[in-house]
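What follows is one structure encoded as structure tokens, with my remarks underneath.
The values are calculated or read from the model by the stated rules, or taken from the named source; none is laboratory data. As the structure is a computational prediction, the values presented were derived from the model and not from experiment. Quick reminder, even Gly has a Cβ in these numbers, built from the backbone with ideal geometry, and neighbours come from all protein chains shown. Accessible surface areas use protein heavy atoms only, side chains included; no ligands, DNA or RNA. Shrake-Rupley method; radii C 1.70, N 1.55, O 1.52, S 1.80 Å.
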Amino acid sequence: KALDFYTQNSIKELPKKKFLYFAASKTPERSSCPDAGLFFDSMRVLKKLSSNIDRETIIIYKEHPSNFYDPYEDHRRDYLFYEKLTKLGNIIFIDHNYPSISLIDNSYLVSSITGTPCYEASLRGKQSLIFGSTWYECLNSVTVVKNSKDLIKFFKSFKYKSDESIKKNNLYFHN
């Protein structure tokens, strides 16, 4: 039922609007709980993002594909989870098979609880926002949110970093 609801309410192509790409994590996953601390709950994170982004921005939510299929289907994310997200008003689902690289490249910002797409964003010269501790958090393109004040401050003072400065920082990280 969850997969049906998600699929019926998913877009297949990117909209021509400014968007933040939110990459959902496999649930349960150690990198979300305990590594994300108070932000282990995707619903909580998405509500905070939804209420702090500007009115012209939407959130493109891509579910982790393994959350829908046995033997790993996450029964805690039933259709009501997705229904609640749609009621936030600025979250749009995208087909869970849509290429993540295209979402990263076309977004203005990538976000995940602690997911790899934020690291991939850095490799492609994009900034990202994470909500937990992870091995790549020291990159200058990655902002770690530890509380609601951090998130508010981030969006109030957000400035684009150049691809060049992000990629230069990555060279130091990888050497």
Exercise. Would you be able to tell me the number of residues in region 135-175 that are without any contact (Cβ under 8 Å) to a residue 12 or more places away in the chain and under 15 Å from the mean Cα position of the chain (by Cα)?
Key: 1
Quiz item: How about region 54-73: which of its residues are buried (at least 18 other Cβ atoms within 10 Å of the Cβ) and at pLDDT below 95?
Solution: GLU63, HIS64, ASN67
Quiz item: Looking at SER141, is it of a type in the set (Gly, Ala, Ser) and open to solvent by 40 Å² or more (accessible area, probe 1.4 Å)?
Solution: no
Quiz item: Out of all the residues in region 41-66, which are over 9 Å from the mean Cα position of the chain (by Cα) and part of a strand (DSSP E or B)?
Solution: ILE58
Quiz item: Condition test on ASP150, is it under 28 Å from GLU13 (Cα atoms) and acidic (Asp, Glu)?
Solution: no
Self-check item: Of the criteria (1) loosely packed, with under 14 Cβ neighbours inside 10 Å; (2) aliphatic (A, V, I, L, M); (3) closer than 20 Å to GLY115 by Cα, which one LEU151 fails
Solution: (1)
Self-check item: Options LEU129, LEU103: the member that is assigned to a strand (DSSP E or B) and either in contact with a Leu (Cβ under 8 Å, 6 or more places away or on another chain) or basic (Lys, Arg) (or both)
Solution: LEU129
Exercise. Output the residue which, of all residues in region 81-138 that are open to solvent by 20 Å² or more (accessible area, probe 1.4 Å), of a type in the set (A, V, I, L, M, F, W, C) and modelled with pLDDT under 95, is nearest to LYS26 (Cα to Cα).
Key: PHE81
